[in-house]
Amino acid sequence: MPGFMDMAIEEARLAAARGEVPVGAVIVRDGAVLATAGNRTLELSDPTAHAEVLAIRAAAAKIGSERLIGCDLYVSLEPCAMCAGAISFARLRRLYYGAADEKGGAVEHNVRFFSSPGCHHAPEVYSGIGESEAGRLLKAFFANRR
């Protein structure tokens, strides 16, 4: 669903405007948006305040359950190991992500969390959705910081 990834990319833009690494996430169930979030690690002085974790927390609070059964996550960047763990524990149905992260990604790079023996639940994974726009945002953000 490109529309939901567009929303995640807009959350990434908002994160960049706050000086955060531009990553955005959206959680959807039955075609309805439950939560949106962008990175807030600096703002909240919280290393766990990644877009995915914040969206998972908000969606879980909204539905009153720690299990997001039947929910899909759209995120602009390949999740890290921490976020992959949260996705697994939340029991998200599908993960759609934009740009690959060869350095910090943990889905199709590095630890490949969902393929590891310790992973109790693996979502269906679809990568490369909105990849060029998500990658452009990240490259521009880091180029401006150098």
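Brief remarks on what is shown
- The chain: angle of helix 2-17 to the longest principal axis, Cα-based, in degrees nearest 10: 50
- Rounded to the nearest 10 degrees, the angle from helix 51-63 to the longest Cα principal axis of the chain is 40 degrees.
- Once all protein chains are placed together, Cys80 keeps about 30 Å² accessible to a 1.4 angstrom probe.
- Expected 222 nm ellipticity per residue - DSSP helices of 4 or more, -39500 (n - 2.57), all of the chain, to 500: -12000 deg cm²/dmol
- Taking amide hydrogens as placed 1.01 Å from N in the peptide plane, the amide H of Leu77 sits under 5 Å from those of Gly24, Gly98, Ala99, each at least 5 positions away in sequence or on another chain.
- Expressed per residue, the C-alpha convex hull volume of segment 1-85 stands at 85 Å³.
- Gaussian network model of the chain, Cα within-10 Å springs - most flexible of Glu78, Glu124, Glu108: Glu124
- The listed residues Glu66, Glu11 rank as Glu66, Glu11 when sorted by accessible area, largest first, using a 1.4 Å probe.
- Taking all protein chains into account, the per residue accessible area for the chain stands at 49 Å² (1.4 Å probe).
- Potential extension, Ala61-Asn110 segment - 0.36 nm per residue separation minus Cα distance: 14.5 nm
- Over all directions, the projected convex hull of the C-alpha atoms in the chain averages 7.9 nm² in area.
- Thr41 exposes around 40 Å² of accessible area when a 1.4 Å probe is run over every protein chain in place.
- Of Val33, Val53, Val21, the one that fluctuates the most in a GNM where the chain has Cα springs shorter than 10 Å: Val33
The values are calculated or read from the model by the stated rules, or taken from the named source; none is laboratory data. Note that the coordinates shown come from a computational prediction; the quantities given were computed from them, not determined experimentally. The protein model used for the area step is the full one, side chains on, heavy atoms only, and it has no ligands, DNA or RNA in it. Shrake-Rupley method; radii C 1.70, N 1.55, O 1.52, S 1.80 Å.
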